[in-house]
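Let me begin by presenting the structure, written as structure tokens, before commenting on it.
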Amino acid sequence: RPDGTRRGPEAFFDWMNAGKLSYRVDFAHPAGLRRLLAAADVVIESSRPAALRRRGLGPSDAPARPGRIWVRITGHGTVGERADW
């Protein structure tokens, strides 16, 4: 498969990413997001801090799962006047 963003042979990418699963959810349906969070070992989110909080789905609200890793990527941090930009 041609992909200009990957360097090296395709087999290497496939080997490095074997066994990984990626999902996407519709924020309009929080029940689906809750089910996904209940089973997730790792959560990587890049929404504005208020986006999940409005739905009661921030890291402290998510269903408990021992050892879960939650990574939050933001453009302007999680606090301050630009946090929700």
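The values are calculated or read from the model by the stated rules, or taken from the named source; none is laboratory data. This structure is a prediction, so every number in the text was calculated from the model and none was measured. Cβ placement follows ideal geometry from the backbone for every residue including glycine, while neighbour counts extend to all protein chains displayed.
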Would you confirm whether any residue within the stretch 22-39 is among the β-branched types (Val, Ile, Thr) and within 24 Å of Glu81 (Cα to Cα)?
no
What pairs come out if I take residues in the stretch 16-31 that are β-branched (Val, Ile, Thr) and pair them with residues that are modelled with pLDDT under 85 and outside any loop (DSSP other than H, G, I, E, B) whose C-beta lies under 7 Å away, six or more apart or interchain?
Val25/Gly32; Val25/Leu33
Among the candidates Gly67, Gly58, residue that is within 26 Å of Val79 (Cα to Cα) and either of a type in the set (Asp, Glu) or over 14 Å from the mean Cα position of the chain (by Cα) (or both)
Gly67
